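Colleague: Handing you a structure now.
Values quoted throughout were computed directly from the atomic coordinates according to the rules given, and no laboratory measurement underlies them. The structure presented is a predicted model; accordingly, all values stated were derived computationally and were not measured. Counting neighbours? That spans all protein chains shown, and the Cβs are built from the backbone with ideal geometry, glycine included.
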């Protein structure tokens, strides 16, 4: 393969990666805790879009448990966002482990 062809392929891959990154920003994943009593929605990049709490989960006398449930829901959502990102970018990067992708 000549350098010109390599450059064209690199540009094509760059455009595909940019498109997938943009699409990930439009996607959303939801992580939950306590059987859905706490739900955190992230975009495909991992930015928080919303936090939903079941009113029965809010006990002013036990804020620590609510905080723990929120953290569990965030971790669940982050794992889902990472899996989504890997499923979309993996075929393009060929498992190269490119930072940020």
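Colleague: Taking every eigenvalue of the Cα gyration tensor of the chain, multiplying by 5 and rooting it, what semi-axes result, largest first, whole Å?
Modeller: 40, 11, 8
Colleague: For helix 3-26, report the angle its Cα long axis makes with the longest principal axis of the Cα atoms of the chain; keep it between 0 and 90° and round to the nearest 10°.
Modeller: 20 degrees
Colleague: Could I ask something else about it? With a point put 7 Å past each Cα toward its Cβ, work out how far residue 64 is from residue 35 in nm, to one decimal.
Modeller: 2.4 nm
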